[in-house]
1. Any residue at all in the range 76-91 that's at pLDDT below 95, of a type in the set (Phe, Trp, Tyr) and part of a loop (DSSP other than H, G, I, E, B)?
2. Which one is farthest from the chain's Cα centre (by Cα), of the residues in the range 295-316 that are part of a strand (DSSP E or B) and not aliphatic (A, V, I, L, M)?
3. In the range 30-68, what count of residues is obtained for those that are without any contact (Cβ under 8 Å) to a residue 12 or more places away in the chain and of a type in the set (A, V, I, L, M, F, W, C)?
4. So, GLU72, is that one open to solvent by 40 Å² or more (accessible area, probe 1.4 Å), of a type in the set (D, E, K, R) and closer than 16 Å to SER60 by Cα or not?
5. For the structure I just gave you, tell me whether PRO41 is at negative phi and either part of a strand (DSSP E or B) or open to solvent by 50 Å² or more (accessible area, probe 1.4 Å) (or both).
6. Could you check, for the range 242-255, whether at least one of its residues is assigned to a strand (DSSP E or B), open to solvent by 60 Å² or more (accessible area, probe 1.4 Å) and modelled with pLDDT of 95 or more?
7. Mind listing whichever residues of the range 346-398 are buried (at least 17 other Cβ atoms within 10 Å of the Cβ) and either aromatic (Phe, Trp, Tyr) or assigned to a helix (DSSP H, G or I) (or both)?
8. Given the residues ALA270, ALA326, ALA292, ALA319, which is the only one that is at pLDDT 95 or above, of a type in the set (A, V, I, L, M, F, W, C), in contact with a Ser or Thr (Cβ under 7 Å, 6 or more places away or on another chain) and not in a loop (DSSP other than H, G, I, E, B)?
Amino acid sequence: MNKFLILVCVLMLFLGCVKNKEIDPTVQIITAPTEGNSAQPFLFSNERTLMSWIENEKDSLYTLKYAEFLNEKWDSARTIVTGTNWFVNWADFPAIAENNSLLLTHFLQMSAEGTYTYDIRMKLSAGTRNSWRDDFLLHDDKTKSEHGFVTMLPYRETSFFATWLDGRNTVGGEKHGANGAMTLRAAEVTSNGIVIDELELDAKTCDCCQTGAAITKNGPVVVYRDRSDDEIRDIYITRKVDSIWSKPKPVFSDNWKIAGCPVNGPRVDAIDNILGVIWYTGANEVPRVKLAFSKNSGVTFNEPIVIDEVLTIGRVDVALIDKNNAIVSWITSQDFKTVLKAMKVNLEGEKGKEIVVSEMNPSRASGFPQLEIVNNSALFAWTTILNDRSTITTATISLTDF
């Protein structure tokens, strides 16, 4: 073999190694059940593992669909609702939850001509195909303002807990915070589609960061990005204990002062009294992703663990494997590329290896990747952008590979 051929072989071997380094070989791509132009995936896993998403069929016609993950693959897609006057956004998107065969989902519908004047409309199903009931409003105000960033969880035997950002005090909706502050609210949704016990949890929050919630052994907790009068926008927690919601307090005081919303909300997961909260902060002009554990349902937290910094983008998620370990995911920059990463972290702060799940489109259109623990694997879903079209990609990684 001459020197030229040897050089070519070495170069091909090198390029092959680089390619394998980009996407970890432990990532197993699962064919998604989507069709056409699809985006805004949301994963839910409890007794069943579900994914909801939006498909754009033509012009402004949108369809909300879902599918179930069974035997390591997705079953066929099912249609929930179709509409033309929806608010469709990369950061504020529908979700789905299940409780004892009952399904609850929501979508966002424009209520007026303002950019951010939209309502949260919910739909219930008995869990059988094409059994969705007429939709209803989650909130009881009739203001033409912003309502969104919903988190829904199974609650009690046949009801659901819901929390959301509510702009009823802003009025108008043409501009975030036009005449008042965004609020955080919560309610319970019964199996009959009746909204009960609605109340305000915080009178002033960040305008468009996602909410997060979990059900601990002591009751529901909600995490969100707060907003002080001095524009400090740190992650706060409030807990429901013995029917009373606690006064909101910081998960950790980053003291991030920022004049606008970073559109980068926290995520939380719980097993009994163990709680894991992950979030993004830009305090001190250094972007960081942090994770904090609580051993008492959020009363106190351990010192935060820095997951990523400097080049991180955020868009985080967390899922507890057990009471001692969690899988986290986030978007960051690496080798001049935008990538989705995942890592195992334990309560003592020990971090496992970083796994590159996928290369990502750096634009907002790539949305917020999703993470859930299913059986002995971590299940991921994210939006892939190719030739100005979006599709949803799903994948699994065995927990033994972290």
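The values are calculated or read from the model by the stated rules, or taken from the named source; none is laboratory data. Since we're looking at a predicted model, the values are computed, not measured. All Cβ positions, glycine included, derive from the backbone under ideal geometry; neighbour counts span all protein chains shown. Ligands, DNA and RNA are stripped out before the accessible areas are found, and what is left, the full protein with its side chains, is counted by its heavy atoms. Shrake-Rupley method; radii C 1.70, N 1.55, O 1.52, S 1.80 Å.
1. So far as the range 76-91 goes, no, none of its residues is at pLDDT below 95, of a type in the set (Phe, Trp, Tyr) and part of a loop (DSSP other than H, G, I, E, B).
2. Going through the qualifying residues, I end up with GLU309.
3. Residues meeting the conditions: 0.
4. No.
5. On the way: at negative phi: yes; either part of a strand (DSSP E or B) or open to solvent by 50 Å² or more (accessible area, probe 1.4 Å) (or both): yes.
It is true that PRO41 is at negative phi and either part of a strand (DSSP E or B) or open to solvent by 50 Å² or more (accessible area, probe 1.4 Å) (or both).
6. Yes, because at least one residue in the range 242-255 is assigned to a strand (DSSP E or B), open to solvent by 60 Å² or more (accessible area, probe 1.4 Å) and modelled with pLDDT of 95 or more.
7. SER366, PHE368, PHE380, TRP382
8. Working: ALA326 fails: in contact with a Ser or Thr (Cβ under 7 Å, 6 or more places away or on another chain); ALA292 fails: in contact with a Ser or Thr (Cβ under 7 Å, 6 or more places away or on another chain); ALA319 fails: in contact with a Ser or Thr (Cβ under 7 Å, 6 or more places away or on another chain).
Checking each option against the conditions leaves just ALA270.
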